1. Any residue in the range B:15-25 that is within 14 Å of chain A (Cβ to nearest Cβ), modelled with pLDDT of 85 or more, over 20 Å from the mean Cα position of the chain (by Cα) and open to solvent by 40 Å² or more (accessible area, probe 1.4 Å)?
2. So which residues in the range A:140-176 are in contact with a helix residue (DSSP H, G or I) (Cβ under 8 Å, 6 or more places away or on another chain), within 16 Å of ligand 1 (Cβ to nearest atom) and over 23 Å from residue A:3 (Cα atoms), if there are any at all?
3. Scan the range A:59-73 for residues that are more than 10 Å from every other protein chain (Cβ to nearest Cβ) and among the charged types (D, E, K, R) and jot them down.
4. Of the residues A:86, A:25, A:46, A:81, which single one is in a strand (DSSP E or B) and within 16 Å of ligand 2 (Cβ to nearest atom)?
5. Could you tell me whether the range A:64-72 includes any residue that is in a strand (DSSP E or B) and more than 16 Å from ligand 2 (Cβ to nearest atom)?
6. Among what's in the range A:100-122 and is over 29 Å from the mean Cα position of the chain (by Cα) and within 7 Å of chain B (Cβ to nearest Cβ), pick the residue that is surrounded by the fewest Cβ atoms within 10 Å (Cβ to Cβ).
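The values are calculated or read from the model by the stated rules, or taken from the named source; none is laboratory data. Every value quoted in this text rests on a predicted model; they were computed, and no experiment measured them. Please note: Cβ atoms are built from the backbone with ideal geometry, for glycine as well, and neighbour counts cover all protein chains shown. Keep in mind that these areas ignore ligands, DNA and RNA; they rest on the heavy atoms of the full protein, side chains included. Shrake-Rupley method; radii C 1.70, N 1.55, O 1.52, S 1.80 Å.
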Amino acid sequence: MSIVSISNLSKTYADGFQALKNVDLEIRRGEILALLGPNGAGKTTLISIICGIVNASSGAVTVDGYDSVKDYRITRELIGLVPQELALGAFEKVWDSLCFSRGLFAKKPDPAYLEKVLKDLALWDKRKAILMELSGGMKRRVLIAKALVHEPRVLFLDEPTAGVDVELRKDMWALVEQLRQAGVTIILTTHYIEEAEAIADRVGVINRGELLLVDDKHALMHKLGKRQLEIELVSPVAALPASLADFSLEISRDGNILTYTYDPHKADTGIDKLMKTIATAGFTIKDMNTVKSSLEDIFVNLIKGNGEDAA
Amino acid sequence: MNIYAIRVIYKYEMKRAFETLGQSFASPVLSTVLYFVVFGSAIGSRIDAVGEVSYGLFIVPGLIMLAILTQSVANASFGIFFPRFTGQIYEVLSAPISFIEIIIGYVGAAATKSLLIAIIILLTASFFVEIHIAHPVWMLAFLLLTCISFSLFGFIIGLWAKDFENLQIIPLLVITPLVFLGGSFYSINMLPPFWQTVSLFNPVVYLISGFRWSFFEAADVSVGLSLFVVVLFLTACLLIVWWMFKTGYRLKQ
Ligand SMILES: Nc1ncnc2c1ncn2[C@@H]1O[C@H](COP(=O)(O)OP(=O)(O)O)[C@@H](O)[C@H]1O
Ligand SMILES: [Mg+2]
């Protein structure tokens with residue numbers, strides 16, 4: 001059974017802007033789901049509704065079977081949220097800030113657990129530091145700690161690695177994996193494709209308030225991924241004979257490599273015919289290589305399609 | 001009831017006050033002392049007793065009201081405005097906490113601070129004049145009702161305010177004039193008849209009058225009327241807050 005279930009969710013802001021359009025999404029227990037979409041796609045709006053910060057215009061969200069509006073006390077206790085912005089107080093100490101968070105979520109103080117969370121996030125040395133004095137990376141980790149101190153079952157990370165350097169990004173991914181091992185379901189939003197590709201089990205693509213698709217990461221690449229065949233020739237060619245025109249080949253600048261793009265799931269990929277035509281044309285093949293398109297290419301194609309539909 | 005949440009919000013707000021001890025408590029005490037020097041001693045020595053009460057003593061309840069009205073509004077409005085301003089409010093909104101609990105936490109803390117300020121001012125005043133309170137229970141009741149209702153009012157301003165300028169404008173343009181013209185330093189009866197009538201439209205007159213009655217048994221308007229106006233104001237604030245939360249006004253899109 002899914003742990004978060006979103007049905008027919010729409011949101012129109014007070015100014016009339018529709019930020020979400022009939023979104024349906026089932027989030028599976030224990031998975032890492034990446035919501036991928038450009039800025040303004042509606043990722044933060046979607047998360048904010050689930051967490052109770054924004055009211056939905058229509059539709060419903062359930063968490064562990066409980067309605068997020070009617071049974072908000074139960075659902076919110078199950079959820080932790082790390083917001084996109086570094087929204088933190090200025091003059092508080094890290095430790096006090098965590099105690100505040102835990103109390104807000106109706107949990108009685110538990111210094112031992114707080115200590116564990118701080119240590120896991122390499123913040124234990126900073127427990128007495130004033131929030132204002134922390135670096136951006138540390139503030140981000142404090143926000144994560146605040147989201148974890150009430151022991152949530154579902155964690156939302158809204159663009160956890162935006163503006164974070166490569167080193168910290170890797171740390172973040174390791175942390176996410178560690179949390180998943182501990183049984184926490186994780187939903188993260190990102191506009192970095194590599195991020196989704198690196199850590200997610202499933203990827204949802206969202207654009208202009210619409211959830212375009214949600215699928216297993218590998219299946220998604222398999223389903224939508226085009227494959228490319230790179231053919232290296234012994235001697236370069238300047239132009240292609242008319243017999244090869246149908247294959248829409250690309251020629252590399254030095255004329256050594258021909259690239260053929262095909263759909264690997266079709267019964268007839270066209271490769272056989274291409275080989276025969278090349279042989280007939282009198283070219284000599286030196287080497288061949290197939291390349292899978294990345295999530296990035298898939299994403300760009302999807303968004304392009306979506307944009308044209310809307311226009 | 002999420003008791004833990006109320007407790008941490010309340011504690012957080014109280015801590016803020018004690019960390020800025022000077023600003024929170026010393027400044028009301030200082031201004032009280034200044035008022036005493038200026039009005040009580042310098043001018044007061046040339047003013048006759050008001051009824052049977054010496055002028056120095058007469059202004060004590062008014063001074064307390066002046067302080068708690070402005071402090072309640074300032075504290076409560078800032079308390080909720082600041083997390084909205086920094087974005088920290090997301091945490092409260094995403095927590096398993098009801099609007100009533102949020103109010104109890106924030107408004108309760110602001111009202112407590114005002115109550116402490118009232119007690120401090122009363123103690124400070126007792127160094128200048130001999131204080132006697134005719135109806136301590138009524139005094140406390142007026143004090144509590146005022147602290148709570150004006151903290152609620154401040155909370156409303158803190159929710160309504162879009163920026164720091166908004167936050168200052170109501171206290172500056174509404175509260176301060178109403179309090180100064182509300183009889184903190186004089187009895188309404190000292191005014192010409194026309195201004196007496198005008199004063200009756202100032203709700204603060206009823207507050208100060210009722211509060212003063214609990215000290216000296218002398219009042220500008222009847223105690224019952226005073227009590228009625230305070231309760232009316234409290235009810236109005238409660239209704240506004242209830243509406244704000246029901247509609248998610250300025251808190252939830
Ligand atoms: N409070 C708001 N009022 C009006 N429009 C908003 C509000 N918040 C967000 N939007 C708009 O909704 C769209 C989606 O925003 P958001 O959910 O923040 O996107 P993302 O997180 O994917 O970048 C954007 O076009 C944004 O301008
Ligand atoms: Mg966002």
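1. No: zero hits.
2. Once the filter is applied, which keeps residues that are in contact with a helix residue (DSSP H, G or I) (Cβ under 8 Å, 6 or more places away or on another chain), within 16 Å of ligand 1 (Cβ to nearest atom) and over 23 Å from residue A:3 (Cα atoms), the range A:140-176 yields A:161, A:163.
3. Filtering the range A:59-73 down to residues more than 10 Å from every other protein chain (Cβ to nearest Cβ) leaves A:59-70.
A:64, A:67, A:70, listed by residue number.
4. Numbers: A:86 fails: in a strand (DSSP E or B); A:25 fails: within 16 Å of ligand 2 (Cβ to nearest atom); A:46 fails: in a strand (DSSP E or B).
After ruling out the rest, the residue left standing is A:81.
5. From the range A:64-72, those in a strand (DSSP E or B) are A:66-67; that's our starting set.
In the following step, the residues that additionally are more than 16 Å from ligand 2 (Cβ to nearest atom) were identified as A:66-67.
Looking through the range A:64-72, at least one residue is in a strand (DSSP E or B) and more than 16 Å from ligand 2 (Cβ to nearest atom).
6. Ranking the candidates gives A:108 first.
Every residue, every condition in (1) within 14 Å of chain A (Cβ to nearest Cβ); (2) not in a helix (DSSP H, G or I), yes or no:
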{"position": "B:61", "(1), (2)": "no, no"}
{"position": "B:83", "(1), (2)": "yes, no"}
{"position": "B:102", "(1), (2)": "yes, no"}
{"position": "B:108", "(1), (2)": "no, no"}
{"position": "B:111", "(1), (2)": "no, no"}
{"position": "B:124", "(1), (2)": "no, no"}
{"position": "B:128", "(1), (2)": "no, yes"}
{"position": "B:131", "(1), (2)": "no, yes"}
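Results for (1) under 30 Å from residue B:9 (Cα atoms); (2) touching a His at 6+ places or on another chain (Cβ under 9 Å), shown as yes or no for each residue.
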position	(1), (2)
A:14	yes, no
A:22	no, no
A:27	no, no
A:30	no, no
A:39	no, yes
A:46	yes, no
A:50	yes, no
A:71	yes, no
A:85	yes, no
